[in-house]
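The values are calculated or read from the model by the stated rules, or taken from the named source; none is laboratory data. The model shown is predicted, which means the values in this text are computed figures rather than measured ones. Don't worry about glycine lacking a Cβ; one is built from the backbone with ideal geometry, like all the others, and counts go over all protein chains shown. The accessibility values were calculated without ligands, DNA or RNA, using every heavy atom of the protein model including side chains. Shrake-Rupley method; radii C 1.70, N 1.55, O 1.52, S 1.80 Å.
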Amino acid sequence: MKKIGVFYWPKGGNVEYCAKMMVSKLGNFNTELYSLDSIKNLDLPYYDLVIVGGSTAGADIWQNADDNNLWFDFYARLEGAHLNGKPVAFFGLGDQVLYPDHFVDGMAIMKNEFDRIGAKIIGYWPTNGYDFTGSASLEGDKFIGLALDEDQQPELTGQRIEQWISQILKEAGF
Ligand SMILES: Cc1cc2nc3c(=O)[nH]c(=O)nc-3n(C[C@H](O)[C@H](O)[C@H](O)COP(=O)(O)O)c2cc1C
């Protein structure tokens, strides 16, 4: 059976809630869920599809390598890996009303890191239904992953996740 790995950070908030919702909607698949602090041996090539999720909490938090930001450690562990075109999909939590110029910026950082190691990025998502003025996570007229806004549009999260999952499964050849 094909294997899916879902990796997320931080714990205890919207990202974790959405990561768990994804896993529950992937019920028929062999899916493993890891918060970044629970990864022992990171072996991304083991999975047929990798899903990575996080939030945007401002440049300060992304750039400070403190105990609460395990992304740096995660990316350091990717060094030297090569995914050879393995499908990787991102989801990002943000708040389009409070941060309209930087909505879900964090996904852009993820994409840079995974581009470097030869991932095939899938799961691009249309911007219809969101109201924001800028995002580093846009390519053309699409987000580079699934944008979720639990602060302003929690009622849309479930259907967005469902739709996105069927999209990425198709794109990943499941
Ligand atoms: C200090 C701080 C800065 C934030 N900056 C942004 C931002 O630049 N862009 C954005 O879309 N959301 C931003 N947000 C909103 C969070 O990404 C959003 O609330 C998210 O759901 C939090 O996920 P969590 O509960 O898993 O931490 C910020 C939130 C905080 C507290």
**Q.** Inter-label distance, nm, simple model (7 Å from Cα along the C-beta direction), residue 163/residue 78
**A.** 2.7 nm
Q.
On a full-extension model of 0.36 nm per residue, what is the gain between residue 97 and residue 37, subtracting their alpha-carbon distance, rounded to one decimal in nm?
A. 18.6 nm
Q) If r is the Cβ-Cβ distance from residue 115 to residue 20 and R0 is 30 Å, what FRET efficiency results, to the nearest 0.05? A) 0.65
Q) Hey, what's the chain come to in accessible area per residue, 1.4 Å probe, Å²? A) 48 Å²
Q: On the protein heavy atoms, probe 1.4 angstrom, tell me the percent of accessible surface of the chain carried by carbon and sulfur.
A: 47 percent
Q) Check residue 121: other-chain or 5+ apart residues with amide H under 5 Å from its amide H, H built from backbone geometry? A) 88
Q | Among 119, 55, 108 - extreme Cα towards positive end, dipole of segment 3-171, charges at beta-carbon | A | 119
